[in-house]
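The values are calculated or read from the model by the stated rules, or taken from the named source; none is laboratory data. None of the values given here were measured: they were computed from a predicted structure. Here Cβ is always computed from backbone atoms with ideal geometry, including for glycine, and neighbour counts include all displayed protein chains. Keep in mind that these areas ignore ligands, DNA and RNA; they rest on the heavy atoms of the full protein, side chains included. Shrake-Rupley method; radii C 1.70, N 1.55, O 1.52, S 1.80 Å.
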Amino acid sequence: MFTYEVDEEISLKLIDEGDAEAVFKLTDQSRDYLREWLPWIDMTTEIGDTRNFIKASKKMYAESKGLNTVILYNGEAAGIVGYNEVDWQNKIAYIGYWLGEGFQGKGIMTRATKALVDYAFEQLNLNKVDIRAAERNKKSRSIPERLGFQQEGKIRAGELLYGKYVDHVIYGMLKNEWEKMNASEA
């Protein structure tokens with residue numbers, strides 16, 4: 001089982017069946033808040049939908065194609081962060097995330113995402129981490145910006161979200177850039 005201690009408040013753990021109730025409850029409590037940017041919210045109406053997500057996540061992990069973790073903040077499920085995809089041929093991880101409404105403004109997602117970037121470069125020996133967010137989703141975009149990612153471009157009409165297309169901004173970080181940035185902070 002994958003677990004990763006981020007700091008004294010935050011840990012990441014591979015999502016599993018035992019998390020279904022807590023993750024569904026968090027999703028349900030934050031439904032209106034999350035719906036603005038997450039197209040799957042309306043399709044997650046019962047705990048079985050969350051169990052299906054967990055089942056797919058575990059399969060993806062077993063096949064080394066991705067990793068979805070529950071963010072535990074002081075032991076409580078606060079959201080999800082993970083590699084939506086790992087491209088082993090090109091050594092790229094694609095990070096995605098969401099955080100429950102009640103956990104906003106505590107730096108949780110920045111710290112959790114930084115931990116996954118560290119893990120991608122230090123443990124998986126990947127060369128690049130990619131984060132994509134809807135252009136108008138300022139909170140989601142602030143994570144890679146805060147972590148020093150470079151804005152690499154924009155995909156026009158990158159996602160159909162509740163009947164209208166939204167553009168996606170692409171951010172990237174290379175392993176050597178991350179190492180140089182972290183060495184200068186040490």
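Below is a table of values for the structure above.
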{"item": "Any pair with Cβ under 6 angstrom, 6 or more apart, that starts in the stretch 111-129 at a residue that is assigned to a helix (DSSP H, G or I) and ends at one that is among the polar types (S, T, N, Q) and surrounded by 20 or more Cβ atoms within 10 Å (Cβ to Cβ)", "result": "none"}
{"item": "Those residues of the stretch 26-46 which are open to solvent by 40 Å² or more (accessible area, probe 1.4 Å), in contact (Cβ under 8 Å) with a residue 24 or more places away in the chain and either hydrophobic (A, V, I, L, M, F, W, C) or farther than 26 Å from GLY163 by Cα (or both), in sequence order", "result": "TRP37"}
{"item": "Some residue of the stretch 99-115 being touching a Gly at 6+ places or on another chain (Cβ under 9 Å) and loosely packed, with under 15 Cβ neighbours inside 10 Å", "result": "no"}
{"item": "Residue within the stretch 45-53 that is closer than 22 Å to ILE143 by Cβ, not in a strand (DSSP E or B) and not hydrophobic (A, V, I, L, M, F, W, C) present", "result": "no"}
{"item": "Qualifying positions in the stretch 73-98 - closer than 19 Å to PRO144 by Cα, surrounded by fewer than 23 Cβ atoms within 10 Å (Cβ to Cβ) and under 15 Å from the mean Cα position of the chain (by Cα)", "result": "ASN84, GLU85, VAL86, ILE92, TYR94, GLY96, TYR97, TRP98"}
{"item": "Residue in the stretch 130-138 that is of a type in the set (Asp, Glu), within 18 Å of MET181 (Cα to Cα) and open to solvent by 20 Å² or more (accessible area, probe 1.4 Å) present", "result": "no"}
{"item": "Test for GLY148: is it assigned to a strand (DSSP E or B), surrounded by fewer than 20 Cβ atoms within 10 Å (Cβ to Cβ) and touching a residue at least 12 places away in the same chain (Cβ under 8 Å)", "result": "no"}
{"item": "Only listed residue being touching a strand residue (DSSP E or B) at 6+ places or on another chain (Cβ under 8 Å) and open to solvent by 80 Å² or more (accessible area, probe 1.4 Å), chosen from LYS65, LYS13, LYS55, LYS59", "result": "LYS65"}
{"item": "Residues of the stretch 165-176 that turn out to be within 10 Å of ASN127 (Cα to Cα) and in contact (Cβ under 8 Å) with a residue 12 or more places away in the chain, as a count", "result": "3"}
